[in-house]
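Just below is one structure, and these are the notes that go with it.
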Amino acid sequence: MRRIDRNALQAPARVLDVELATVADLGEETIAVEQFNGLWCLARIDGVPQEISFWDVSEDLKLSIGALRDQLRAGLAADGHVPAQLPPPPTAPAGQDLTVVICTRDRAAGLHATLASLHEQNDANFRVVVVDNGSRTAESAAVVERVGLPHCDYVVEPRPGLSRARNRGLAAVGTELVAWIDDDETTDADWVSRLRQGFAHEARPAAVCGVMLPAELESEAQVRFEQYGGFNKGRGMEPEVLRKGTSSVVSPLYPLPAFGSGGNMAFQTAALRAVGGFDNCLGAGTRTHGGEEVRALSLLLSRGDAVLHWPAAITWHTHRRDMTALKKQFYGYSAGLSAFYASMLRSKPTAALEVLGLAPHAIRDLRHGSDNQRSGHLPDDFPPDLLKAARRGLIEGGFMYAYEALKDWRRPTPASGEGN
């Protein structure tokens, strides 16, 4: 067992979640790793995430959990690591003040796993809204009924597009807080309570963004995505208050590192509605493929609100398992980024000056491989077609937004509360 850098991780890799506060002698507890080349490891203390590390286990048959725990503790101590500590999550309020929204389309098995994880929350005082975005079968509705979560509503948004589904869900929310999770994720048992804890932070955030971690790293595509940075590159496992005018945010128009991930974010409902919800021309299901959550978080930062990066709120995401799907994802994320800029310019043309002013910062990040850009430290054998797809997305995303905006303009005016 040998510690390695992220870019040296090889498939298949085992995902391991290790609690370091355990005092019992577990030196003899072992797990089989003979079928794995690598190990992706989350270290926690009293349930609070501390760091993510990567290990080569290609020459090991079994792994001692006790020995791994000792190495993790020693590594943190050698680095002078001060454990991230949080108080226990707050007691659930008497009334339901939070709604979890799940947008889904033709992914019944994933939806079932997501709902099942919500069923296991240690704070059950929340509502759920499942938005079916035009599934081709009735299986999503059947899953909702089969899982039987209390206080769970099922609504349909027939028009394609994740933003439309998000806005349909937002319109159905009657609570102070609204949280979002995708139908390819599961949650920690304390996810809801940790989100509530985040909103109780002294920064009084308008949004709380947790971390999305890999549920499995069995295939090359899944490991390549983690080599690229996954969903959380650049933010780490320390809580961080993001606010305009501070060192944490270069600009509300410069979302690198990302302000948050769309599959694990929560808002003060009134604040999200105040910035117009989500732009219907952005997001999965449109030619822009993404960018809708970036825009919402950017608008909150622009008006002076705080966004809290809150690693204690953890979801586990099933990454794309094949390279074809990953290539499409690389294109989509980049297209979504440039489409985000097109959306901001459409709503505020004067933002063009600020965008141009950010060009030197972007060039500096790209030139020096800063952690602020996702591909800063890739292995030499990283597939060039993935990077080519990302570059193509950056070039085409703005044009794709123009296409979606024109198509949206030709539609009848949407009802109030359905987004921009």
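Could you work out [θ]222 nm for the chain from helices alone, using -39500 (n - 2.57) per DSSP H run of at least four and dividing by all its residues? Round to the nearest 500 deg cm²/dmol.
Numbers: 12 runs with 149 residues, N = 420.
The helix contribution divided over the chain gives -11000 deg cm²/dmol.
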Measure off 7 Å from each Cα along the Cα-to-Cβ vector at ARG73 and ASP106, then give the distance between these two points in nanometres to one decimal. 5.1
How long is the gain from HIS361 to ALA124 if the chain were fully straight, where each residue apart is worth 0.36 nm and the alpha carbon distance is subtracted? 80.9 nm
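Full-extension gain between GLU29 and ALA270, please, as 0.36 nm times their residue separation minus the C-alpha to C-alpha distance.
So the extension gain works out to 81.8 nm.
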With x for Gly and Pro, the residue-by-residue ³J(HN,Hα) of segment 197-204, computed from phi through the Karplus equation 6.51 cos²θ - 1.76 cosθ + 1.60 at θ = phi - 60° and given in whole Hz, is 4, x, 5, 7, 4, 4, 6, 6
PRE zone check, label point 7 Å out along Cα-to-Cβ of LYS388, amide N under 15 Å, scope segment 296-330, hits 324, 327-328, 330
Amide H neighbours of VAL101 under 5 Å, counting only residues 5+ apart in sequence or on other chains, H built in-plane at 1.01 Å? VAL129, ALA179, TRP180, ILE181
Put a dot 7 Å past each Cα toward the Cβ at TYR403 and ASP5; how far apart are the dots in nm? 3.8
Once neighbouring chains are kept in place and the probe is 1.4 Å, which whole percent of the accessible area of segment 62-185 is contributed by carbon and sulfur? 54
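Roughly how many Å² is the accessible area per residue of segment 26-161, as a whole number, for a 1.4 Å probe? Could you put the intermediate results ahead of the total?
On the way: 6500 Å² over 136 residues.
That works out to 48 Å² for each residue.
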Once amide H atoms are built 1.01 Å from N in the peptide plane, which residues 5 or more positions from VAL15, or in another chain, come under 5 Å H to H? TRP40, LEU217
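As a test of reading the structure, rank ARG166, ARG105 by solvent-accessible area (1.4 Å probe, protein chains only), most first.
Working: ARG166 5, ARG105 120 Å².
Of ARG166, ARG105, the descending order of accessible area is ARG105, ARG166.
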The alpha-carbon center of segment 268-304 and that of segment 307-337 are separated, in whole Å, by 17
Decide, for segment 232-377, between rounded, prolate and oblate: order the square roots of the alpha carbon gyration tensor eigenvalues as a ≥ b ≥ c, take rounded if a/c falls under 1.5, and otherwise choose prolate if a/b is larger than b/c, else oblate. rounded
Residue-ordered couplings for segment 101-110, obtained by feeding phi - 60° into the Karplus form 6.51 cos²θ - 1.76 cosθ + 1.60 and rounding to whole Hz (Gly and Pro as x), are 10, 10, 9, 9, 7, 6, 9, 5, 5, x
Could you check which residue among GLY47, GLY198, GLY397 shows the biggest mean-square fluctuation in a GNM of the chain with a 10 Å Cα cutoff? GLY47
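Give me the percent of DSSP beta bridges within the chain that run antiparallel, rounded to the nearest 5.
Values: 29 of 58 bridges.
That works out to approximately 50 percent antiparallel.
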For segment 242-360, the accessible surface attributable to carbon and sulfur atoms (probe 1.4 angstrom, ligands and nucleic acids excluded) amounts in percent to 58
Where in segment 210-251 is the amide nitrogen less than 14 Å from a point lying 7 Å along the Cα-to-Cβ axis of HIS81? 236-239
Excluding ligands, DNA and RNA, what is the solvent-accessible area per residue of segment 170-305 at a probe of 1.4 Å, expressed in Å²? 29
Using every alpha carbon pair in segment 284-351, what percent of pairs falls into each 10 Å bin from 0 up to the bin containing the largest distance? 18, 37, 34, 11, 0
Counting only residues 5 or more places away or on other chains, whose amide H sits under 5 Å from the amide H of VAL156 once H atoms are built in the peptide plane? ASP132
For segment 212-283, Kirkwood radius (reciprocal of mean inverse C-alpha pair distance, Å): 14.7
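For a test of the definition: using alpha carbon positions, the gyration tensor, and the 1.5 limit on a/c, classify segment 139-231 as rounded, prolate or oblate. Could the numbers behind the result be given before it?
On the way: a/c = 1.66, a/b = 1.13, b/c = 1.48.
Oblate shape, in that a/c is at least 1.5 and b/c is the bigger or equal ratio.
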Measure nothing fancy, just the Cα-based angle from helix 65-78's long axis to the longest principal axis of the chain, in degrees from 0 to 90, nearest 10. 70
Give a residue-ordered list of calculated ³J(HN,Hα) values for segment 141-152 (Karplus: 6.51 cos²θ - 1.76 cosθ + 1.60, θ = phi - 60°; whole Hz; x for Gly, Pro). 4, 5, 5, 4, 5, 5, 5, x, 5, x, 6, 10
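Please report, to one decimal in angstroms, the Kirkwood hydrodynamic radius of the chain built from all distinct Cα-Cα pairs. Numbers along the way, then the final one.
Numbers: mean 1/r = 0.0451 Å⁻¹.
After inverting the mean inverse Cα-Cα distance, the result is 22.2 Å.
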Where Cα atoms sit under 24 Å apart: lysine pairs in the chain separated by 8 or more or lying on different chains: 9
Per GNM of the chain with C-alpha springs under 10 angstrom, the most fluctuating residue out of CYS41, CYS103, CYS209 is CYS41
Quick one: angle between helix 323-347 and the longest Cα principal axis of the chain, in degrees between 0 and 90, rounded to 10, please. 40
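Shape call for segment 78-228 from the C-alpha gyration tensor, a ≥ b ≥ c root eigenvalues: rounded (a/c under 1.5), prolate (a/b greater than b/c) or oblate?
On the way: a/c = 1.86, a/b = 1.22, b/c = 1.52.
Since a/c reaches 1.5 but b/c is at least a/b, the shape of segment 78-228 is classed as oblate.
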Cut-off 10 angstrom, C-alpha nodes, Gaussian network model of the chain. Which of THR99, THR22, THR175 fluctuates the most? THR22
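The values are calculated or read from the model by the stated rules, or taken from the named source; none is laboratory data. Just so it is clear, the structure is predicted and the values come from calculations on it, not from any experiment. Note that each Cβ is placed from the backbone with ideal geometry, even for glycine, and that neighbours are counted across all protein chains shown. Ligands, DNA and RNA are stripped out before the accessible areas are found, and what is left, the full protein with its side chains, is counted by its heavy atoms. Shrake-Rupley method; radii C 1.70, N 1.55, O 1.52, S 1.80 Å.
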